[in-house]
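Below is one structure, written out as structure tokens; the observations come after it.
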Amino acid sequence: MHIKNKVFWITGASSGIGKSLAIALSNYDANLILSSRNTKTLEEVKILCKNSNKVKILPIDLEDYSSMNSKVKEAISFFNKIDVLVNNGGVSQRSLIKDTDMLVDKRLMDINYLGTVAITKALLSHFIERKKGHFVVTTSIVGKIGTPLRSSYAATKHALHGFFDSLRAEHYKDNIAVTIVCPGFVTTNVSKNALTGNGTPQNSMDTATANGIKPDRFAKLMIKAIRKKREEVYIAGAKEKLGVYTKRFFPKLLSKMIRKLSVT
């Protein structure tokens, strides 16, 4: 897949993986639509992109499902098409199940799963009409393995795998591709912004996150997976990848390992 002049719409583009992905794609001369709730930080990312004249800003709140149809129309109007939607927006969690308020469970599901599904469904008809399109979704290694302190977060990511696997099967004949990207620990503000049991942000960096893959490196590997239209890719450290394969072949052994795993 050639990237030059393709239109990429990235959610969660104001920081972390989304920010690094936008900057990296701009070096390939892509057209970009950057979305998140924070217009100011999106403008800052735009300035960092190589060709800022090819970058548009579209604020979006993934919790506001009712706005997605109008947001999609606005996004298409910028370049008269969308080639790739990168569903990257979301929020993480740091709390035990027994300490997590149901409203926190709901908010995580609203943002990570339902918001992503809403924007995907709103854009789907455009891809069907064009007989081509590419959905990319950032899930997580915990979309394959549930770990302590991530119960609701893991649930939302598992749900995304189920939804996008179904979408891939249903729209194969429409030439619509789906790439599920599963990060391990990446050095972003994800742990600082993670919701605790009462819904407030953790406001501190996890050691594991601080020692994770650098987002610029992650973006390069993610672009490689997008260009190859990989169905599912794990961009993570050796331990995280080992966990995925251990669960597949030795699930009981992984259960024992997870109990002792340091996830913060």
Original post:
Out of (1) of a type in the set (Gly, Ala, Ser); (2) more than 23 Å from residue 86 (Cα to Cα); (3) part of a helix (DSSP H, G or I), what's the single condition that is false for residue 191?
Top reply: (2)
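For every residue, the table says whether it meets (1) under 18 Å from residue 87 (Cβ atoms); (2) touching a residue at least 12 places away in the same chain (Cβ under 8 Å); (3) buried (at least 19 other Cβ atoms within 10 Å of the Cβ); (4) under 14 Å from the mean Cα position of the chain (by Cα).
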{"site": "132", "(1), (2), (3), (4)": "yes, yes, no, no"}
{"site": "144", "(1), (2), (3), (4)": "yes, yes, yes, no"}
{"site": "162", "(1), (2), (3), (4)": "yes, no, no, no"}
{"site": "175", "(1), (2), (3), (4)": "no, yes, no, no"}
{"site": "196", "(1), (2), (3), (4)": "no, yes, no, no"}
{"site": "203", "(1), (2), (3), (4)": "no, no, no, no"}
{"site": "210", "(1), (2), (3), (4)": "no, yes, no, no"}
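Report whether or not residue 128 is at pLDDT 95 or above, part of a helix (DSSP H, G or I) and crowded, with 20+ Cβ neighbours inside 10 Å.
Spelling it out, it is not the case that residue 128 is at pLDDT 95 or above, part of a helix (DSSP H, G or I) and crowded, with 20+ Cβ neighbours inside 10 Å.
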Subject >> Flag for residue 69 being over 27 Å from residue 161 (Cα atoms), out of contact with any Ser or Thr (no Cβ under 7 Å at 6 or more places or on another chain) and surrounded by fewer than 21 Cβ atoms within 10 Å (Cβ to Cβ) >> reply: no
Subject >> Count of segment 40-83 residues which are among the small types (Gly, Ala, Ser) and either modelled with pLDDT of 95 or more or within 25 Å of residue 177 (Cα to Cα) (or both) >> reply: 4
Subject >> Set 247, 173: member being part of a helix (DSSP H, G or I) and closer than 30 Å to residue 98 by Cβ >> reply: 247
**OP:** Among the residues of segment 230-252, count how many are of a type in the set (A, V, I, L, M) and surrounded by fewer than 17 Cβ atoms within 10 Å (Cβ to Cβ).
**Re:** 2
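The values are calculated or read from the model by the stated rules, or taken from the named source; none is laboratory data. This is a predicted model, so every value here is computed, not measured. Methodologically, a virtual Cβ is constructed for each residue, glycine included, from the backbone with ideal geometry; neighbour enumeration extends over all protein chains shown.
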